[in-house]
1. In straight Cα distance, which aspartates and glutamates are under 15 Å from K67, not counting same-chain residues fewer than 8 positions off?
2. At 7 Å along the Cα-to-beta-carbon direction for both C43 and E65, put a label point, then send me their distance in nm to one decimal.
3. Going down the table (K16/K56; K15/K36; K15/K63; K16/K76; K15/K76), which pairs top 21 Å between alpha carbons?
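Read the figures in this text as sums done on the coordinates, not as results from a lab. Being a predicted model, the structure only gives us computed values, none of them experimental. Reconstructed Cβ throughout: ideal geometry from the backbone, glycine too, with neighbour counts over all protein chains shown.
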Amino acid sequence: MLYVLQQKGRGVTEKKIREKRKDKQQYISKIMSNVKDTEIGRCFGIQGSTVSEALKRVETRIKRESKFRKEIEVLKKQFVIE
């Protein structure tokens, strides 16, 4: 059963939230490892072209949403080894 959550007045399903989370995971995987999309796709059980689409979605959100940009920066800092 999918529960509908409210976000800025629009209904967002749990499935959409999971997809956005996976998009972020794929993006972080790409920028921190610099491996090919096909390899990242293999880890997520998807095709490389799907990874490429996810990266484009994340990059678009980074450009448009400052809060999202900050989220990504925090994630990137968590993966930096000092």
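1. E59
2. 2.2
3. The pairs that break the limit, which is 21 Å between Cα atoms, are K15/K36; K15/K63; K16/K76; K15/K76.
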